[in-house]
Every structure is written in structure tokens, then in C-alpha cells.
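Laboratory data are not the source of any read-out in this text; all were calculated from the coordinates shown. Because the structure is a prediction, the values reported are computed rather than measured. So basically every Cβ, Gly included, is an ideal-geometry build from the backbone, and we count neighbours across all protein chains shown.
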Amino acid sequence: MEDKLVTLAIRTFKRAQMIKTVLEENGIETVIHNLNLEHPELAVGVRVRIKESDLPRALKIVEEMESAWEHEPVTGSTSTQQVLIPIDFSDQVPKATDFGFHFADNLAAEVVFLYVYFSPAFTISSNNDMSTYSISDSELLKNILTTANTEIENMTKLIHARITKGELPNIPFSFEMKEGVPEDQILDYCKKNNPALVVMGTHGRKLTNELIGSVTAEVMESCVSPVFAVPILMTMQRPDDIKRVAFLTNFDQKDLIAIDRAISLFGNESVEMYFIHASDKNVAWSEVILSGIKSYFSTHYPQIITNYDLLDTTDTPEFLNNYMANHQINVLAFNSRRRNLFARLFNPGLAYKMVLHSDTPLFVTHV
């Protein structure tokens with residue numbers, strides 16, 4: 001059957017030429033079509049076209065190029081692939097550690113634990129005026145760091161013991177400590193070091209009971225790296241226990257890149273993928289698109305068992321929880337657009353809602 005050409009992107013002539021050069025260096029035949037053949041540099045936009053069979057590889061290459069255009073390189077970033085595990089020394093840390101180490105082993109990466117501490121000054125006074133006890137900033141900081149270093153030392157010994165017993169893969173790991181607001185420091189670390197994956201626990205310690213107090217939800221809404229959230233009530237012990245992954249899709253082209261990341265992370269031979277689209281309108285059109293997605297995945301991922309569902313509803317946590325329970329889904333994955341704080345505060349996204357209302361592990365990307 002003839003391998004037809006498809007439009008990969010519409011860009012300025014200069015950007016299109018750069019994309020064409022890189023794709024052809026990777027063995028992908030590329031054609032540029034534009035409306036101004038005599039003066040292509042004056043065209044507002046030109047089409048970058050490739051063979052349909054090259055689409056998965058080309059999408060990832062172009063995504064990497066455009067990510068580099070969007071963000072200037074940061075000096076001091078590491079060239080070693082990392083799995084980042086933010087920790088607060090809560091009961092959630094062991095599960096995040098287990099999954100983080102096994103994912104790092106699959107990705108040929110090292111593990112970095114990040115502990116963020118906050119050191120406010122405070123004063124303790126009695127009810128009378130005769131005595132006031134205060135702790136200075138320096139003394140408080142010393143106490144916090146001493147406690148944290150003790151926790152890190154104990155955790156290091158425990159991990160080495162588990163590696164010796166064969167309970168964890170024998171891969172390099174290290175600890176970093178930073179002062180500040182946890183979600184801000186985690187996001188800043190990811191922007192500078194671009195870890196391959198962030199593994200975080202949910203329902204960890206909170207300073208407040210407010211909605212905005214969930215560090216994991218904040219990171220999932222804004223992180224440049226994929227995030228895997230580990231609920232405290234999860235029964236799975238390691239990635240091999242993941243048998244069914246549901247991907248919530250909006251039929252966006254960028255979903256293909258996010259789906260590829262999910263398949264790369266979870267897609268062993270025994271994993272089933274459920275592609276679900278939740279909508280309360282345009283059902284007929286959704287079925288047409290879904291038919292195309294079925295054809296795409298049967299061609300490009302023939303080894304993966306796939307299932308497809310159109311849900312006649314909006315993306316409410318309750319409905320999704322019921323769907324995942326009925327189909328015994330182990331992980332819910334989706335692509336989420338990064339939004340500013342104002343939008344997240346007054347209209348929490350799906351990542352926020354699911355972190356706070358679900359005990360199913362979440363895998364969220366931002367493509």
C-alpha cells in the first residue's frame with residue numbers, strides 16, 4: 001500500500017527548513033510545500049510533510065526541537081538522565097522510592113531525592129510578661145538541617161540494605177536539599193535539570209488543609225517533566241504490577257507524543273492500553289476521529305493490546321473513578337497543558353482534581 005504524505009507541522013520558512021534538515025539527518029524524507037514558490041522566505045507559513053509511517057519518530061524529534069526553541073539552555077544542567085523523587089520523610093516515601101528506582105532502572109537513569117525545607121522564625125511566649133522564649137533564625141535552621149541530615153543518613157542506609165537484598169535495582173542515587181517552598185523548588189529543579197520522570201507521593205504532609213496546599217497537584221499542573229503520582233492507598237508494589245493503563249485523550253496531535261511516552265514507560269508485553277475520550281457533544285465526529293486513532297495504533301504499536309471508549313460525560317473525578325474501578329485500571333494517564341496560578345486556583349485542572357479525589361496512580365505529561 002502506498003505510504004502517503006501527511007502534514008507534520010505548519011511553520012515559518014526558516015523554521016521549516018531547520019526541521020527538514022534535522023529530520024533528514026535522522027533518515028526521514030521531508031518535503032516543504034508553500035504557496036509562494038518564487039519567494040518562499042516571504043511565505044507566512046509553509047507545510048512540513050513526511051511519510052505517514054515516519055510520523056511517530058518525526059513528532060518526537062520536532063517536539064524536542066521546539067522545546068529547545070522555547071527554553072534557553074540552562075548552565076550547569078546535568079547530562080545524565082535522572083528520575084527525581086521529591087521527599088518530605090512522610091510514610092509515602094517508601095512507595096515513591098520503590099517505583100522511582102524501578103522506573104530509573106528501566107530508563108537507565110540515576111535517582112535524585114530532593115528535600116525542600118522551610119525555616120520561618122518563630123517566638124514562644126508565656127501568658128505573663130515575665131518570660132519569653134525565642135529561637136533565632138540560625139538556631140532554627142541548624143535544627144532543621146540536623147534533623148534532615150539524620151533522616152537522609154538513615155534513608156541512605158536503608159536503601160543500600162535493600163539494594164544488597166535485591167529489593168531495589170543497584171543504581172546510583174543522591175540527595176539534594178534546598179530551602180524554600182516545595183512546589184517552587186521542585187519545578188525550578190525540573191526546569192534546570194529536565195529529569196526524565198518525577199515520582200511523587202500523594203496525600204503527604206500538608207501545612208494547610210486548603211486546596212492549593214497539595215504540592216503534588218501543583219507540580220503535576222506545571223512541571224516540564226512527566227510526573228508519576230503514587231497514592232498512599234495504592235496496593236501495587238512495582239511497575240511490573242501495572243497491567244492496564246487508561247489514557248484520557250482529547251484527540252489532540254500532541255497526545256500522540258504523550259501516549260508514546262506512556263507506552264515507553266509502561267508498555268511491556270502484558271500491558272493493555274485503554275484510550276478514552278470524555279465529551280458531552282459532537283459524539284458522531286468523535287467516533288470518526290476514534291476510528292482513525294484505532295487504525296494509527298494498530299499500525300504503529302501492533303504489540304500493544306488496545307481498547308477504546310467514548311464517554312458521554314465531562315471529566316469529573318467521580319465518573320472516571322467508577323470507570324477505572326469497573327475496568328480494573330492501574331494507571332490513569334493524560335496530557336495536560338500548563339496553566340498559570342490564577343487559572344489553577346479558580347478552575348483546578350483534571351490533575352488537581354484526580355490527585356485529591358482518587359487512589360489510582362496518575363501519569364501526567366505536558367506536551
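Just a few scattered comments:
- Extension gain (nm, one decimal) between LYS4 and THR306, 0.36 nm per residue minus Cα-Cα: 106.3 nm
- Ellipsoid equivalent to region 215-267 - semi-axes via the Cα gyration tensor, in Å: 20, 17, 10
- Of all lysines in the structure, the ones whose alpha carbon falls short of 19 Å from that of LYS95, not counting any fewer than 8 places away in one chain, are LYS157, LYS165, LYS206, LYS243.
- Listed by chain and number, the lysines whose C-alpha is less than 20 Å from the C-alpha of LYS51, apart from same-chain residues fewer than 8 away, are LYS4, LYS20, LYS60, LYS254, LYS294.
- Legend: ranking of residues TYR308, TYR274 from fewest to most surrounding C-beta atoms inside 10 Å; resulting order TYR308, TYR274.
- Fewest neighbouring Cβ atoms within 10 Å first, the residues THR156, THR360, THR365 line up as THR156, THR360, THR365.
- Cβ-based exposure ranking for LEU23, LEU311, LEU233, in which fewest neighbours within 10 Å come first: LEU233, LEU311, LEU23
- A straight line joining the Cα centroids of region 174-199 and region 289-327 runs 32 Å.
- Rough spin-label spacing in nm, given labels placed 7 Å along Cα→Cβ, for GLU153 and ALA108: 3.7
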